[in-house]
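As structure tokens, the structure follows; a few thoughts come after it.
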Amino acid sequence: MPAITEKIMKIIFWLSGMAIIFFLAGIMFTLLSNSIPAFEEIGLKPFFTDGVWRPSAFAEPTYSLLNMIMGTFMVTAGALAFAVPVGIAAAAYLSEIASPWEREFFKPIVEILAGIPSVVLGFIGLVVLAPLLAAVFNIPSGINALNGAILVGVMALPTIITLAEDAITAVPGEYRHASLALGATRWQTIWKVTIPAAFSGISAAVMLGMGRAIGETMTVLMVTGNMIARPTSYLDSVRTLSANIAVEIGDVVFNSLHFHALFVVGLVLFMITFIVNLMADILIHRKPEVNR
Amino acid sequence: MMMQIVNTLKNENKLHPPLTNNSSEESALTGKDHFEVKVENLQFFYGRKQALFDINIEAQEKGVTALIGPSGCGKTTFLRVLNRMNDLVTDTHLEGRVCIQGRDIYDPATDVVELRKRVGMVFQQPNPFPKSIFDNIAYGPRIHGEKNKNRLSEIVEKSLQGAALWDEVKDRLYDPALSLSGGQQQRLCIARVLAVQPKILLMDEPTSAVDPIATQRIEDLVRELCRDYTIIIVTHNMQQAARISDYTGFFLQGELIEWGETSRIFTRPRDQRTEDYITGRFG
Ligand SMILES: Nc1ncnc2c1ncn2[C@@H]1O[C@H](COP(=O)(O)OP(=O)(O)OP(=O)(O)O)[C@@H](O)[C@H]1O
Ligand SMILES: [Mg+2]
């Protein structure tokens, strides 16, 4: 009797595992099979040569993704640069320093922040952040890469804070006691022992936070300006790969070259996230003990 | 049981002549008025619950003081009073005076960080950081400002030698500390404390989580180290107390029933309860 249950459980788990592989393979297949017509017609090169993305131009359509890859990179990197330190510091504060009532007060706030729909955030970016940035940097419009980076960072924060706090709280108390008993200050203990010991959990928190934020096309679409020109600074408008798909997929002719080119955009986006995840995985599984 | 302990004691005394030769215990204790550790009328509370009652004890520079007593009698609590680790437990308070090297460590002006540098602690469970062996030892010196690579390597080597671990790990200093055996981990923790050059070493049942061979090594090590450090060690094991200590204190239900030279405590205890405990009648 237990042997049979065991077997059935095993099969159920195996099927669940296979389902994930099946979904992933299905996505890969859809992206690839819909991209191939574009590659057949114009090849691989036009997507990665200098220029702009103008697939519906009447005379001479161009398909360069470089500016959009750059825009994606700028928004993501900018968001990370702001959300990672703030998120980890907030998590460390909540788990290591805050008094119980402070924790009770701040945790729901973080959860509420996580629940704000991205459209609402985009709206705030338009009416609050944009004029503010315009005034601060003395530019005509605050609809730019910086605006998008800040909002994406804000969206990534709740995930990073919540998961990083869990990771830090899970660090055994003995490590802290050992450190304090050696004459370390509380600050040194947090910085040199607790956070490094929670390294893999914090990395996962950052990855998942970014995953959520990057998937959020809406906000970015609303506040970055959607210019297809080459950005030269964070005060320029940009268009990200995901925003590009969202903007154009609505009025593209089904099975046209433009349609298939958009799948190439999706494929590139998929490759980028795949590589980032892979690198994060390697980073996480590298033994933290031997880092030095 | 009693005979066995006395025998071990005799053997030990041949190896390690007692600190105070023939003089009586009282004169040995009063012969010096500057004690390394001096506790007067200590009362300690967890919230409303009193855990230590009117403790008075002194320890001279160098040598080993063992604290024995049944589980829950307050040995760990007392040890953690001495480096103020109890500060980390919320809602505790303390009355009386605790002086270390002549200074009241509960004076508001005390620098707790500096105190913990002077008074090192080895915990009951080995607790190396999830870092390399080298980084574990170098941790203390680094946080106290040592940056020079050569000097750090020197400190690491000396500390590991001091803890009798160097020969076993010298070829694998960059391996994770958690890959060591339990006994090696505990010696690593001792080395980690030695690296910050404390004056006093507090050890809370350092051999309770390791095998007999490792216990032997750590006991030998304690005898080595007591030439340079004042050691206060908590142990469940009376034979261990008899083997390695110069002075012994007996705790029962938060009170220090009696303390004095180890040879005297184990052969001529003054309190009936001490005698009952060391003869194994309870505990
Ligand atoms: N953090 C704490 N909060 C409240 N009470 C505590 C705390 N730590 C210890 N106590 C209580 O104080 C008393 C003394 O405990 P302590 O840990 O000092 O005993 P011990 O002699 O070290 O025991 P053992 O030999 O089992 O380690 C016990 O009654 C214990 O329940
Ligand atoms: Mg204890």
- Query: In region B:64-113, what residues are of a type in the set (A, V, I, L, M, F, W, C), outside any strand (DSSP E or B) and surrounded by fewer than 20 Cβ atoms within 10 Å (Cβ to Cβ)?
  - Reply: B:Leu88, B:Val89, B:Ala109, B:Val112, B:Val113
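Kindly indicate whether any position in region B:118-132 is among the β-branched types (Val, Ile, Thr), within 16 Å of ligand 1 (Cβ to nearest atom) and either touching a residue at least 60 places away in the same chain (Cβ under 8 Å) or crowded, with 17+ Cβ neighbours inside 10 Å (or both).
So in region B:118-132, the residues among the β-branched types (Val, Ile, Thr) come out as B:119, B:122.
Adding the requirement that they be within 16 Å of ligand 1 (Cβ to nearest atom) leaves B:122.
Now restrict to residues that are either touching a residue at least 60 places away in the same chain (Cβ under 8 Å) or crowded, with 17+ Cβ neighbours inside 10 Å (or both): B:122.
For region B:118-132, residues among the β-branched types (Val, Ile, Thr), within 16 Å of ligand 1 (Cβ to nearest atom) and either touching a residue at least 60 places away in the same chain (Cβ under 8 Å) or crowded, with 17+ Cβ neighbours inside 10 Å (or both): present.
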- Task: Count, please, the residues in region B:196-236 that happen to be free of Cβ contacts under 8 Å to residues at least 60 places away in the same chain, more than 19 Å from A:Ala178 (Cα to Cα) and not in a helix (DSSP H, G or I).
- Result: 1
- Every residue from region B:199-217 that is more than 16 Å from ligand 1 (Cβ to nearest atom) and under 12 Å from the mean Cα position of the chain (by Cα): B:Lys199, B:Ile200, B:Leu201
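Can you tell me which residue is farthest from the other protein chains (Cβ to nearest Cβ) among those in region A:189-199 that are assigned to a helix (DSSP H, G or I) and out of contact with any Lys or Arg (no Cβ under 9 Å at 6 or more places or on another chain)? First the steps, then the outcome.
First, pick out the residues of region A:189-199 that are assigned to a helix (DSSP H, G or I): A:189-197, A:199.
Filter again for out of contact with any Lys or Arg (no Cβ under 9 Å at 6 or more places or on another chain), leaving A:191, A:195, A:199.
Working: A:Trp191: 10, A:Ile195: 12, A:Phe199: 9 Å.
If we take residues in region A:189-199 being assigned to a helix (DSSP H, G or I) and out of contact with any Lys or Arg (no Cβ under 9 Å at 6 or more places or on another chain), then A:Ile195 is farthest from the other protein chains (Cβ to nearest Cβ).
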- Query: Which residue pairs have Cβ atoms under 6 Å apart, sit 6 or more places apart or on different chains, and have a first residue in region A:163-178 that is at the interface with another protein chain (Cβ under 8 Å from one of its Cβ atoms) and a second that is assigned to a helix (DSSP H, G or I) and among the small types (Gly, Ala, Ser)?
  - Reply: A:Tyr175/A:Ala197
- Exactly one of (1) more than 30 Å from A:Arg54 (Cα to Cα); (2) in contact (Cβ under 8 Å) with a residue 24 or more places away in the chain is unmet by A:Gln188. Its number? (2)
- Item | Residue within region A:209-229 that is surrounded by 18 or more Cβ atoms within 10 Å (Cβ to Cβ), within 15 Å of A:Leu94 (Cα to Cα) and more than 12 Å from chain B (Cβ to nearest Cβ) present | no
- Pair list, Cβ < 8 Å and 6+ apart or interchain, from region B:54-76 residues that are within 17 Å of B:Leu201 (Cβ to Cβ) to residues that are among the aromatic types (Phe, Trp, Tyr) and within 11 Å of ligand 2 (Cβ to nearest atom): B:Leu67/B:Phe78; B:Leu67/B:Phe251; B:Lys75/B:Phe251
- Task: Would you be able to tell me the number of residues in region B:131-172 that are closer than 19 Å to A:Lys192 by Cβ, part of a loop (DSSP other than H, G, I, E, B) and more than 8 Å from chain A (Cβ to nearest Cβ)?
- Result: 4
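Within region A:155-192, which residues are more than 29 Å from the chain's Cα centre (by Cα) and buried (at least 23 other Cβ atoms within 10 Å of the Cβ)?
Taking region A:155-192 first, the residues more than 29 Å from the chain's Cα centre (by Cα) are A:172-189.
Selection gives A:Ala178, A:Ser179, A:Leu180, A:Ala181, A:Leu182, A:Gly183, A:Ala184.
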- Query: Which of (1) within 14 Å of another protein chain (Cβ to nearest Cβ); (2) buried (at least 20 other Cβ atoms within 10 Å of the Cβ); (3) in contact (Cβ under 8 Å) with a residue 40 or more places away in the chain is the odd one out, the single condition A:Leu121 does not satisfy?
  - Reply: (1)
- Message: Tally up the residues in region B:60-118 that are away from chain A (no Cβ under 14 Å) and within 13 Å of ligand 2 (Cβ to nearest atom), please.
- Response: 11
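Since every read-out is calculated from the coordinates, none of them should be taken as a lab result. Because the structure is a prediction, the values reported are computed rather than measured. Positions of Cβ are backbone-derived with ideal geometry, glycine not excepted, and every protein chain shown enters the neighbour counts.
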